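As structure tokens, the structure follows; a few thoughts come after it.
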Amino acid sequence: MRMLSRFLPGLLCLCLLFGLPQAVQAQDDPGQPLLEALDTSSYADKAEAIEVIIESGDERSRRWLEALLNGKLQRHKDNQRFVIVLENRGRHWPVADALSFEEAGEMSRRELDRIGINNALRGTLQNALSLLDLYVDDADQRRDAARDLLGNVDASMVEPLKAVIENEENAEVRRLLSQALAIYRLDQGDVEAIADLEGSLNQQVRSVLNSAARSDDPVLADAASAALAGIEQKLKLNQGLETLYFGLSLGSVLVLAAIGLAITFGVMGVINMAHGELIMLGAYTTWGMQQLLPGQPGLALVLSIPAGFLVAALAGIAIERGVIQFLKGRPLETLLATFGVSLILQQLVRTVISPQNRTVVSPEWLSGSVMINEGLSLTLNRLYVLGFALLVFAGLMLVMRKTRLGLEVRAVTQNRAMARSMGIRATRVDIMTFALGSGVAGLAGVALSQLTNVGPNLGQNYIIDSFMVVVFGGVGNLWGTLVAGLSLGVINQVLEPWVGAVLAKIIVLVFIILFIQKRPKGLFPQKGRAAEG
Amino acid sequence: MQSVDSSQRFWLTRPFRERATQLFLGVLFAALLLVTVLHLAVPQGHPLHVTAYTVNLFGKYLSYALLAVSVDLVWGYLGILSLGHGAFFAIGGYAMGMYLMRQIGDRGTYGDPVLPDFMVFLNWDSLPWYWLGFDMAWFAFVMVLVAPGLLALVFGFLAFRSRVTGVYLSIITQALTFALMLAFFRNEMGFGGNNGLTDFRELLGFDLRTDATRLGLFLATGVALALGYILCRAIVTSKLGRVSVATRDAEARTRFLGYRVERFQLFVFVVSAMLAGLAGALYVPQVGIINPSEFSPIFSIEIVLWVALGGRATLYGAVIGALLVNYAKTVFTGIMPDAWLFALGALFVFVTVFLPKGVAGLLAHRKRKTQEQKNQARKPQEATT
């Protein structure tokens, strides 16, 4: 004791030297009074203090309350500093400052005072912790917390939860919270709770309704079954919507792949079997761009859009000048020659780059999904590709309808000789049209790189489908291509759950083969003299 | 015009009077004989000895040549560019393969007396109905012709009736073979899925792995090629053939002249499909396997290339083209496998751009040139007189 009394002034001095500045700093922190309030001997006051902490919305609350629950929130006897014990074994415990969470060395267990709790407080704390996230400012976080509560509500949480629901501004969060509460109430046999659960697609809700439907109480069982039927209905609708979405997504890919072909085949009458390889070039451009700009997949992807267009368009011009111009008016020979080109391009990629697939990274803003409701979420990349396809389509439509080039292309298509005699340079129009169609194939490749593997066979997988889309829609008709592509995509997806992917594809092919017999000019045949050519 | 007076005689024997046919048949039989003699009479190790492997290879080429002839019949004389003839070839091959599978009997890995190995593997307990009868050789051989013929009949009937021609027909024939490829890849189809049909033992009691059987198959393929060639020649020199050519050149005009164009198209298309099936049936025992890759659209386009290289609408050109391309393929894939697709691709471009009439066209061109030179040599004398 004497030793201690001799050292005491020194210790005090130390506290004045080191403790005071910290204390001053701590005074400014809004957390300090919150913790101070905990340090009372009355458990009733402690309970109140805990409530204050929860309602403060302070982001450190979780850690404080967890520490308090585990008996690790302690106060230094001398400098009154709040610390969180990191490891309470041995004599000297490593601690962290309770306000900054910075490590504060070791303290002897004798220097520390534990802020004690009793069993009642323990229960309060446990509930408080599960409700804690409901007080944060970020609505998304609150929503997630509310979703976690579904099926996890117990008796002690009912009252605080009711209070939270009162004060919640966000309708979505409020709905989820009432559902969480309703699940509990239903478990207790409250029929009225079912009203709150109607239309929810949550798994927990369905399982609790299912068990309620089997209960002995006929009123409860009937009400639950009715609610379940409604939910089933909604689920079916959601499934339908999902199929539609996947179908449209597949369709948009088909449209993208085929729309360039619709230009070269439909407008120019040139069968370009190398079209698939132009798509492949676009995809490889994306890959190459990402190699050039490592770590910036988003920027690379955006830049690949013009780059992919250019690369494919240049390749297209080379094909047109090198091969197709010599085969004017001989479509079957063009088909064979461009098939040769496609073989060469494929092998070129295999030899120069690699026969293996290359991975193209998706930027962050393309990955993930949009959640429409609990039963339906749309993957972002497919959504973007769908939008991109529509954009490309609109762009092409504008070019063909509103620009000089489009006018000239249509003129040359309808009557080449007449167009030439009106001063249109038909050869130049040929080149431009082919470049346009090929460039669009390149764009398709950029988009496809986000959905499938980029490999030498990428184009081959799409060429037959693309031709099918163009023929189905009616050659020379861009709208036809759009409608045909989207509807084929949807048909394929609708069939898939019944018969499997391969058979669905076969059925679609056979359907088109039969359809062509019925309407040889496709869905939207060209009218007028040009059609007879 | 000289064929007009010969049209009085029996149509099937008419080709024998043509010099080109005589020449073709002469060369073909001389080659068959030569290979046989070099294989049997020349001792092994002698530089001129033709090994059994080579005989087998030639047999494969000859079945390809028959396939090319069948494509030339529809493309050259009917103007239909079929990108799906591989399908008929493969179906003929599968019909033969099914017979050969049944011939294995209980010698398969699982030793089931009736079910082929892959069906045992899939836990099937009985043969699907369409496998019935394939244990009988005559039935299988009839199906070799009937199955592809039937497909061609249905497909052609629908297509020609609604006047689907030109590029559209090419594209949907391609879709047809693509769809069939996907279908045959499925195990549930009952044709061995991915692996197809293989591990054959014997054909009509002859062990497929002996050299003698190989030589026999080679000779049989040669004879089939000759017969197919004569049949095609007979068809194209007949009145029906001339209507076909008229259809090729001006379909609408032929129709206006009162011909039911679609019937002629259908007949020629079905005959061609049957020939392709026959080629497939001869091909399968020689290579010992048939799998869905024969349905791949690329193979079908390759056949068209053979015809284009050899020369369209000559029939013998198709044979030359098939032999040339496949020989080149064997050589290339042996020496530098990577370069083959480059070469094949370049060949497609080169032939269509620079050799629209193919090798046969070159030959004809040279012949015409010598003729002209003779004429010119005569002309100055006439002019001076």
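The values are calculated or read from the model by the stated rules, or taken from the named source; none is laboratory data. Everything numeric in this text was worked out from a predicted model, so none of it was measured. Here the Cβ positions follow ideal geometry from the backbone for every residue, glycine too, while neighbour counts run over all protein chains shown.
Select from the range B:226-262 the residues that are assigned to a helix (DSSP H, G or I) and without any contact (Cβ under 8 Å) to a residue 24 or more places away in the chain and list them in ascending order.
Of everything in the range B:226-262, those that are assigned to a helix (DSSP H, G or I) and without any contact (Cβ under 8 Å) to a residue 24 or more places away in the chain turn out to be B:227, B:242, B:243, B:246, B:252, B:253, B:254, B:255, B:256.
Any chance the range B:240-249 includes a residue that's acidic (Asp, Glu), modelled with pLDDT of 85 or more and surrounded by fewer than 19 Cβ atoms within 10 Å (Cβ to Cβ)?
There is at least one residue in the range B:240-249 that is acidic (Asp, Glu), modelled with pLDDT of 85 or more and surrounded by fewer than 19 Cβ atoms within 10 Å (Cβ to Cβ).
For the range A:89-105, give me each residue that is surrounded by 14 or more Cβ atoms within 10 Å (Cβ to Cβ) and either assigned to a helix (DSSP H, G or I) or over 40 Å from the mean Cα position of the chain (by Cα) (or both).
A:92, A:93, A:94, A:95, A:104
Tell me whether the range B:151-161 contains one or more residues that are surrounded by 22 or more Cβ atoms within 10 Å (Cβ to Cβ), facing another protein chain (nearest Cβ under 7 Å) and either on the phi < 0 side of the Ramachandran plot or touching a strand residue (DSSP E or B) at 6+ places or on another chain (Cβ under 6 Å) (or both).
Yes, because at least one residue in the range B:151-161 is surrounded by 22 or more Cβ atoms within 10 Å (Cβ to Cβ), facing another protein chain (nearest Cβ under 7 Å) and either on the phi < 0 side of the Ramachandran plot or touching a strand residue (DSSP E or B) at 6+ places or on another chain (Cβ under 6 Å) (or both).
If residue B:223 passes every condition in (1) under 28 Å from residue B:32 (Cα atoms); (2) surrounded by 18 or more Cβ atoms within 10 Å (Cβ to Cβ) but one, which one does it miss?
Failing condition for residue B:223: (2).
For the range A:310-324, which positions are within 10 Å of chain B (Cβ to nearest Cβ) and assigned to a helix (DSSP H, G or I)?
Matches in the range A:310-324: A:319, A:322, A:324.
Which of (1) at the interface with another protein chain (Cβ under 8 Å from one of its Cβ atoms); (2) touching a strand residue (DSSP E or B) at 6+ places or on another chain (Cβ under 9 Å) is the odd one out, the single condition residue A:357 does not satisfy?
Result: residue A:357 passes all but (1).
Looking at the range A:505-526, I want the residues that are at the interface with chain B (Cβ under 7 Å from one of its Cβ atoms) and have a partner that is β-branched (Val, Ile, Thr) and part of a helix (DSSP H, G or I) with Cβ atoms under 6 Å, at least 6 apart or on another chain. Which pairs are those?
Close Cβ pairs (under 6 Å, with a partner that is β-branched (Val, Ile, Thr) and part of a helix (DSSP H, G or I)) amount to A:513/B:172; A:516/B:172.
Among (1) surrounded by 16 or more Cβ atoms within 10 Å (Cβ to Cβ); (2) closer than 28 Å to residue A:463 by Cα, there is one condition residue B:338 misses while meeting the rest; what is its number?
For residue B:338, the exception is condition (1).
In the range B:208-222, which residues are at pLDDT 80 or above and either part of a strand (DSSP E or B) or not basic (Lys, Arg) (or both)?
B:210, B:211, B:212, B:213, B:215, B:216, B:217, B:218, B:219, B:220, B:221, B:222
What's the number of the condition residue B:137 fails, among (1) buried (at least 18 other Cβ atoms within 10 Å of the Cβ); (2) under 16 Å from residue B:284 (Cβ atoms)?
All conditions pass for residue B:137, except number (1).
Based on what the data block shows, is residue B:348 surrounded by 13 or more Cβ atoms within 10 Å (Cβ to Cβ), more than 10 Å from every other protein chain (Cβ to nearest Cβ) and of a type in the set (Phe, Trp, Tyr)?
Criteria not met by residue B:348.
When you look at residue B:178, is it touching a residue at least 60 places away in the same chain (Cβ under 8 Å), within 14 Å of another protein chain (Cβ to nearest Cβ), crowded, with 20+ Cβ neighbours inside 10 Å and over 18 Å from residue B:277 (Cβ atoms), yes or no?
In short, yes.
For the range A:251-261, does any single residue satisfy the condition of being of a type outside the set (Ser, Thr, Tyr) and not in a helix (DSSP H, G or I)?
no
Can you name the helices (runs of 4 or more DSSP H) wholly within the range A:111-215 that have at least 3 residues being touching a Pro at 6+ places or on another chain (Cβ under 8 Å)?
A:119-132
Do you know which residues across the range A:329-349 are free of Cβ contacts under 8 Å to residues at least 12 places away in the same chain, hydrophobic (A, V, I, L, M, F, W, C) and more than 7 Å from every other protein chain (Cβ to nearest Cβ)?
Across the range A:329-349, the qualifying residue is only A:348.
Taking the condition modelled with pLDDT under 85 and away from chain B (no Cβ under 14 Å), does residue A:260 pass?
So residue A:260 does not fit the description; no.
Taking the range B:181-194 only, how many residues are more than 23 Å from the chain's Cα centre (by Cα) and either more than 9 Å from chain A (Cβ to nearest Cβ) or within 11 Å of residue B:87 (Cα to Cα) (or both)?
6
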